[in-house]
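As structure tokens, the structure follows; a few thoughts come after it.
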Amino acid sequence: MSPRRTRATALRVLRQLRHDPRTIVLLLAVPCVLQVLVRALFADSPSVFQSLGVPLLGLFPFVAMFIVTSITMLRERTSGTLERLLTTPLARGDLLVGYALAFALVAAAQATLVSALSFGLLGLESGHRPLSVIALAIANAVLGMALGLFASAFARTEFQAVQFMPAFVLPQILLCGLIVSRDEMAEWLRVISAVLPLTYAYDALARLASSDELTARFWADVAIVVGVTVVALVLGAATLRRRTP
Amino acid sequence: MSAAISVRGLRVERGGREVLHAIDLDVEHGRVTGLLGPSGSGKTTLMRAVVGVQLVAGGSVVVLESNAGTPALRQRVGYQTQDPSVYGDLTVDENLQYFATVLGASRPRVTEVVGLVGLDGLERQLAGSLSGGEHARLSLATVLLNEPDVLVLDEPTVGLDPMLRRDLWGFFHELATGGTTLLVSSHVMDEADRCDDLVLLQEGRVLVSGTPEGLKRETGTVDLDAAFLSLIDAADGTP
Ligand SMILES: Nc1ncnc2c1ncn2[C@@H]1O[C@H](COP(=O)(O)OP(=O)(O)OP(=O)(O)O)[C@@H](O)[C@H]1O
Ligand SMILES: [Mg+2]
């Protein structure tokens with residue numbers, strides 16, 4: 001791997017995005033609009049908004065980066081640019097880390113904007129740790145990106161890639177504890193939820209939102225999120241085969 | 001000195017059937033070798049094997065004395081894919097800048113290759129909005145950036161007008177004079193005369209190879225187009 005090539009790849013991905021201003025606006029505006037909707041929905045029960053608001057801040061980047069990455073990577077495969085790149089000295093790690101850097105930056109912008117809106121205007125309490133919330137949101141974005149990269153290897157068309165969003169992401173959102181607390185789930189659902197990475201991302205965010213001291217459990221959550229990200233990136237690298245049939 | 005590209009007994013399976021059957025081939029240093037053959041004869045597959053992105057079922061492909069696809073070759077072999085492989089949502093200049101960094105080429109070299117393929121003035125246009133021929137030339141430009149020793153070009157002149165084609169072939173020969181080895185595919189038989197050496201593929205086999213003059217002598221024709229057609233017909237068993 002070379003830092004120069006990694007940086008060039010990150011820059012290239014950001015430039016591609018810059019030529020698509022509508023996607024940038026959607027990436028930044030949609031989570032804000034959704035957060036405003038949630039706030040309005042629970043106007044009469046602010047405590048519900050308090051418990052939903054912070055986890056949602058971290059989930060938006062996760063979902064957005066999953067979709068954006070799986071489509072971008074699929075395009076790279078089908079347009080022939082991936083095959084071309086794999087005949088050059090570019091290492092697969094340069095490509096993957098380049099993508100991760102670019103999308104982490106976008107996620108940072110997204111998370112900062114929604115957080116500023118939520119903590120500033122919508123009256124969400126951050127548990128006095130707004131920066132940690134943003135940092136965790138970025139970690140979630142990179143997790144979504146790594147999973148999206150891996151998932152894209154199994155999609156042949158953009159239609160399939162889009163369908164991976166409900167297939168890979170929705171079950172995780174349903175089972176992570178956001179909608180029904182994990183303690184109240186049937187035993188077999190709890191078992192499934194225990195092997196889904198988003199469960200730990202949600203748990204970490206929920207713990208941040210409460211103003212309690214951060215326990216070892218919080219740091220275990222963070223370690224699992226980071227660990228799964230690394231594993232997904234390594235698996236993603238394994239799907240980038242230089243020689244294809 | 002051994003050949004720049006040396007293929008021995010190469011067999012490739014694609015989609016469950018064998019599409020290259022025991023190919024033997026030598027491409028000499030500093031020459032323009034034309035890879036000709038009907039559509040579906042296996043030109044692209046053979047080129048993919050030479051640049052090391054094709055899974056092969058058997059045989060060997062040696063490029064510049066290393067096995068095809070080894071890391072050391074990635075700096076020395078340039079591959080222009082049949083369909084332009086550039087980013088449609090980046091400008092001409094942004095595409096070239098990215099590939100220049102990946103290939104370790106300098107900034108002035110970017111300006112140089114833009115001139116070489118005649119894309120001056122289009123630097124700020126999105127690659128996706130280029131005409132078919134411009135798109136193909138941008139794809140070619142990305143391959144020229146680091147001046148590789150071996151150039152593998154898959155139908156680089158498709159969709160270009162006669163003047164551009166003449167200029168490009170002239171340019172290929174300049175490169176060859178400078179020591180670059182070129183393997184260029186085409187299914188336009190009239191381009192065969194512009195090559196130093198020729199390889200004619202037919203249904204995954206090498207039908208004939210040699211210099212244009214040699215092939216004309218062998219078949220007793222003055223027209224390579226006619227010579228190839230008669231060779232292919234003879235191989236097909238049709239009169
Ligand atoms: N991805 C693939 N899966 C299955 N079969 C394939 C694949 N790609 C090519 N083939 C088959 O392999 C054979 C050789 O194809 P190849 O692309 O090498 O031909 P070609 O000589 O480059 O043709 P053209 O001049 O049309 O580009 C063809 O019969 C084609 O149908
Ligand atoms: Mg072809």
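Averaging the sequence gap over all C-alpha pairs within less than 8 Å and six or more residues apart, then dividing by the number of residues, gives chain A a relative contact order of 27 percent. Legend: mean number of C-beta atoms from other chains within 10 angstrom of residue C-beta atoms, peptide B:48-55, equals 4.
Using 0.36 nm per residue and subtracting the Cα-Cα separation, the extra length available between A:MET1 and A:MET165 on full extension is 56.0 nm. Computed on chain B, the Cα convex hull volume stands at 133 Å³ per residue. Between A:LEU174 and A:LEU121, how high is the FRET efficiency from 1/(1 + (r/R0)^6) when r is the Cβ-Cβ distance and R₀ = 22 Å? Nearest 0.05. After rounding to 0.05, the efficiency reads 0.15. To the nearest hundred square angstrom, how large is the accessible surface buried between B and A, total for both chains, probe 1.4 angstrom? The buried area between B and A, both sides summed, comes to about 2700 Å². When the inverse distances between all different Cα atoms of chain A are averaged and flipped, the Kirkwood radius reads 18.6 angstrom. Taking every DSSP bridge with both residues inside the protein assembly as shown, close to 55 percent are antiparallel. Going from the chain on its own to the full set of protein chains, region A:1-38 has these residues losing 30 Å² or more of accessible surface (heavy atoms, 1.4 Å probe, no ligands, DNA or RNA): A:ARG4, A:ARG5, A:ALA8, A:ARG12, A:ARG15, A:GLN16, A:HIS19. Relative intensity of the protein assembly as shown on a log10 scale, I(q)/I(0) at q = 0.11 Å⁻¹, equals -0.91, per a Debye sum over C-alpha point scatterers of equal strength in the absence of solvent.
Mean separation of Cα pairs under 8 Å and 6 or more residues apart, divided by the residue count, gives region B:82-147 a relative contact order of 49 percent. Expressed per residue, the C-alpha convex hull volume of region B:100-181 stands at 101 Å³. Per-atom-type breakdown for the protein assembly as shown gives carbon and sulfur 60% of the accessible area (1.4 Å probe, protein chains only). Relative to one another, the C-alpha centroids of region A:141-196 and region A:40-60 are positioned 21 Å apart. Simple point charges give the picture: +1 on the Cβ of Lys and Arg, -1 on the Cβ of Asp and Glu, and for region A:3-238 a dipole about the Cα centre of about 1060 debye.
Shown in residue order for region B:98-105 are the 3J(HN,Hα) couplings computed by the Karplus curve 6.51 cos²θ - 1.76 cosθ + 1.60 at θ = phi - 60°: 5, 5, 4, 5, 4, 8, x, 9 Hz (x for Gly and Pro). Peptide B:75-83 has a mean shielding of 3, counted as Cβ atoms of other protein chains within 10 Å of each residue's Cβ.
Ranked by the mean number of other Cβ atoms within 10 Å per residue, highest first, peptides B:194-207, A:183-196 order as B:194-207, A:183-196. Working value for region B:82-147: equivalent-ellipsoid semi-axes of 16, 12, 11 Å, each the square root of 5 times a Cα gyration tensor eigenvalue, largest first.
Contact-buried residues of region A:84-122, at a threshold of 30 Å² lost accessible area versus the chain by itself: A:ARG84, A:LEU85, A:THR87, A:THR88, A:PRO89 (1.4 Å probe; DNA, RNA and ligands ignored).
Using the average count of surrounding beta-carbon atoms within 10 Å as a protection proxy, the listed peptides A:136-145, B:176-185 rank, highest first, as A:136-145, B:176-185. Rounded to the nearest 0.05, the FRET efficiency derived from the C-beta distance between A:LEU105 and B:SER230 at R0 = 45 Å is 0.15. Hey, in the GNM for chain A with a 10 angstrom Cα cutoff, which one of A:LEU95, A:LEU214, A:LEU57 fluctuates hardest? So, out of A:LEU95, A:LEU214, A:LEU57, the one fluctuating most is A:LEU214. For the residues of B:92-102, the average number of beta carbons from a partner chain within 10 Å of their own beta carbon is 5.
Label separation (A:SER51 vs A:LEU14): 4.0 nm, computed from points 7 Å beyond Cα along the C-beta direction. The mean accessible area for residues of chain A, using a 1.4 Å probe and ignoring ligands and nucleic acids, is 46 Å² per residue.
When all alpha carbon pairs of region B:145-197 are counted in 5 Å bins from zero, the resulting P(r) reads 5, 18, 33, 27, 13, 4 %. With a Förster radius of 51 Å applied to the beta-carbon distance between A:GLU213 and B:ASP120, the computed FRET efficiency rounds to 0.20.
Might you tell me the accessible area per residue for chain B, computed with a 1.4 Å probe and given in Å²? Heavy-atom SASA per residue in chain B reads 41 Å². Considering only A:PRO197, A:PRO89, A:PRO130, the mean-square fluctuation computed in a Gaussian network model of chain A, springs between alpha carbons under 10 angstrom, is largest for A:PRO89.
Of the residues A:GLY98, A:GLY58, A:GLY80, the one that moves most in a GNM of chain A with alpha-carbon contacts below 10 Å is A:GLY80.
Our summary gives chain B a relative contact order of 26 percent, counting only alpha carbon pairs under 8 angstrom and 6 or more residues apart.
The values are calculated or read from the model by the stated rules, or taken from the named source; none is laboratory data. No experiment lies behind these values; they were computed from the predicted model shown. As a convention, Cβ positions derive from the backbone with ideal geometry for all residues, glycine included, and neighbour counts pool all protein chains shown. Just the protein is used for accessible areas: all its heavy atoms, side chains included, with ligands, DNA and RNA removed. Shrake-Rupley method; radii C 1.70, N 1.55, O 1.52, S 1.80 Å.
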